[in-house]
Each structure stands twice: as C-alpha cells, then as structure tokens.
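First up is the structure itself, then whatever we jot down about it.
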Amino acid sequence: MAVGSSPKQNGDKSVAVSVRLKSIGDADQPILANYSQTSLAQGLAYIDFGFLEPGLIAAVTQRAQRGETMPKQVVATRTVRVALPFDAVIRLHQQLQQIVATLQPLKSKLS
C-alpha cells in the first residue's frame, strides 16, 4: 500500500518513488472530521474519522465547566473508516510528524 512518497526497499538502499493518487467517483470530495478514534484488529490499524456537531461539543463543554453530570455517550456521524497495514501506519506517522513540525512555527506566531 502506497501512501504519499514512500521509499522502496532494494537491499540496503532506499529509493523514493512519487505516488499520485487518482480519485474515483466522489472520493475527491473533502470530508470534514473533527473526531478520530483508532483500534487494532486482525493485523490492521483501523482509523475512524467522525463529525460531532459543534453545538453538541459546546453543550458538553458547558456542562463540564458547570460541574454537571456528563453524558455517558454522545452520538456522532462516522464519516470514513480507513484500514491500514502496520507499515502504512508507520509511514503515515512519519508524514504527520513532518506536518506537525511545520505547524510549530505557525502555532508560536498565533500565541
């Protein structure tokens, strides 16, 4: 499974290969997610992305701030589930680390 630019193992050498992902059907439409959850099963990492209504988030936050009883469960919409083999999870982790590193200077400017 290829994710972004991934190195191909060739003995002791790594060679970067550019990968272009082509959309099929509605797959090119962005999906908004403000919640994620991960789990492991059957040799795969499952990453679920979901959407919680902003009003629900605000209501739960207000209840917490007032010390009121919190709901045991809230219902959100799962927008997509991605199942990844572990090697793809490692590459995704590396890519996310690079993104976070580029965001650090931006975060400092906003503070």
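Select one label from (1) 1.43; (2) 1.02; (3) 1.20: the one whose number is Cα Rg over 2.2 N^0.38 Å as derived from the coordinates shown.
Recomputing Cα Rg over 2.2 N^0.38 Å here picks out (1).
Mind listing the long-range amide H neighbours of TYR35? Cut-off is under 5 Å, sequence gap 5 or more, other chains count too, H placed in the peptide plane at 1.01 Å from N.
Those lying under 5 Å, H to H, from TYR35 are GLY50, LEU52.
Helix-only estimate, please: 222 nm mean residue ellipticity of the chain, summing -39500 (n - 2.57) across DSSP H runs of length 4 or more and dividing by its residues, to the nearest 500. Intermediate results must be reported in sequence, preceding the final value.
Working: 2 runs with 37 residues, N = 111.
That calculation yields -11500 deg cm²/dmol at 222 nm.
None of the figures in this text is laboratory data; all of them are computed from the coordinates on show. What you are looking at is a predicted structure, and each value in this text was computed from that prediction instead of being measured.
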